Amino acid sequence: MDSATCPCCGQGVDPLDVLMDTASGIIAFGGRQVYLTPLQFRLVRQLVEAFPATIARTRLFDRLYDHLDP
């Protein structure tokens, strides 16, 4: 399998790897930067942090939208 270059750091990566920089909010997949909305980024972050476990839909919803509660 060919390697690609990470748009975040310039290092060679496996094209199937997902790289996530939570400090900058950048996600790269297959060596290409993925542009996500803030909500989409939070969703991916929750799934990555839970991996390899699954996360219940209700718990995921609570984690994504808890900042909206008054």
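The values are calculated or read from the model by the stated rules, or taken from the named source; none is laboratory data. None of these values were measured; they are calculated from a predicted model. As a convention, Cβ positions derive from the backbone with ideal geometry for all residues, glycine included, and neighbour counts pool all protein chains shown. Remember, those area values only see protein heavy atoms, side chains included, never the ligands or the DNA or RNA. Shrake-Rupley method; radii C 1.70, N 1.55, O 1.52, S 1.80 Å.
What the table below lists for this structure:
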| read-out | value |
| --- | --- |
| Proximal charge balance of residue 53 [Cβ under 15 Å; K/R count +1, D/E count -1] | +3 |
| Extended-chain gain in nm, criterion 0.36 nm per residue less alpha-carbon gap, residue 59 and residue 9 | 14.7 nm |
| For peptides 39-46, 26-33, 55-62, sequence by mean Cβ density within 10 Å, most packed first | 26-33, 39-46, 55-62 |
| Residue 48 accessible area, 1.4 Å probe, all protein chains in place, Å² to nearest 10 | 80 Å² |
| Å² per residue, accessible surface of region 10-64 at 1.4 Å | 74 Å² |
